[in-house]
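Trainee: This structure is in structure tokens; I'll ask about it shortly.
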Amino acid sequence: MIVTLCSGEGRTFAALTRVLGALVTDMITNVATAPVREKARSLGVTEHCVPHIAYATRQEHEEALFAELKMCKPFKMIFLLGYMRVFSEQFLNNLRAAWPQCSIVNLHPAPLSLYKGANGLVHALKIRAPLWGISVHEVTAKLDEGPLLAYRSLVVHPNDTFELLRERAHTQEVAAVLEAIDKLSRRQST
């Protein structure tokens, strides 16, 4: 029912899969050496790899990714959990045409109104934000601007290192994604 897209370590993917079990059916990565691949195999999740560096253009990579999604078990949700690629509007339109009931969701390490892009936690430390957050939102063609599904506050302590903040953020990420899944499941059942 849930396909995840991941690019790196896969900590949130692994934590969610341990909670949700067989609901997480497939994991697709765009990085051949990503540690998430082994995590998927060890958790019994079918893993797929569509490395973006193997394609000359973003369009070619997206076409290969689309073809790989067709190989996944039936799904109603796609979750981007640390997936370090931005989708084109055409790709999103193709996804919605092929799977009209599917929700496409992103985990974002920042409040949507305060920071766009991948390095939200680094930015929070850089600006010495006393309070930050973790957002889960629907994916649109505009970077990190889709409708908010879940949000968790994240206190940033003055002596935080990236590793300390990342560890505390991880717990909030898992909680926020689980809330979003619950919300989407209720929406899809009506």
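The values are calculated or read from the model by the stated rules, or taken from the named source; none is laboratory data. Fair warning: this is a prediction, and the values are worked out from it, not measured in the lab. Every residue, glycine as well, gets a Cβ built from its backbone with ideal geometry; the counts of neighbours run over all protein chains shown.
Trainee: When only residues in region 1-28 that are within 15 Å of Lys70 (Cα to Cα) and modelled with pLDDT of 95 or more count, which is surrounded by the fewest Cβ atoms within 10 Å (Cβ to Cβ)?
Mentor: Start the filter on region 1-28 by keeping residues that are within 15 Å of Lys70 (Cα to Cα), which leaves 1-5, 25-28.
Applying the additional criterion that residues be modelled with pLDDT of 95 or more yields 2-5, 25-28.
Numbers: Ile2: 26, Val3: 25, Thr4: 30, Leu5: 26, Thr25: 17, Asp26: 20, Met27: 29, Ile28: 23.
In this case the residue turns out to be Thr25.
Trainee: Identify all residues within region 39-65 that are without any contact (Cβ under 8 Å) to a residue 24 or more places away in the chain and within 18 Å of the chain's Cα centre (by Cα); write none if there are none.
Mentor: Hits for region 39-65 are Glu47, Cys49, Val50, Pro51.
Trainee: Considering only region 41-51, I want to know if a residue exists there that is of a type in the set (S, T, N, Q), crowded, with 16+ Cβ neighbours inside 10 Å and in a strand (DSSP E or B).
Mentor: The answer is no, given that none of the residues of region 41-51 is of a type in the set (S, T, N, Q), crowded, with 16+ Cβ neighbours inside 10 Å and in a strand (DSSP E or B).
Trainee: Something else now. Return the total of residues in region 1-40 being farther than 19 Å from His170 by Cβ and either part of a helix (DSSP H, G or I) or in contact with a His (Cβ under 7 Å, 6 or more places away or on another chain) (or both).
Mentor: 7
Trainee: Looking at region 110-119 only, could you name the residues that are over 16 Å from Leu5 (Cα atoms) and either buried (at least 24 other Cβ atoms within 10 Å of the Cβ) or of a type in the set (A, V, I, L, M) (or both)?
Mentor: Those that are over 16 Å from Leu5 (Cα atoms) and either buried (at least 24 other Cβ atoms within 10 Å of the Cβ) or of a type in the set (A, V, I, L, M) (or both): Ala110, Leu112, Leu114.
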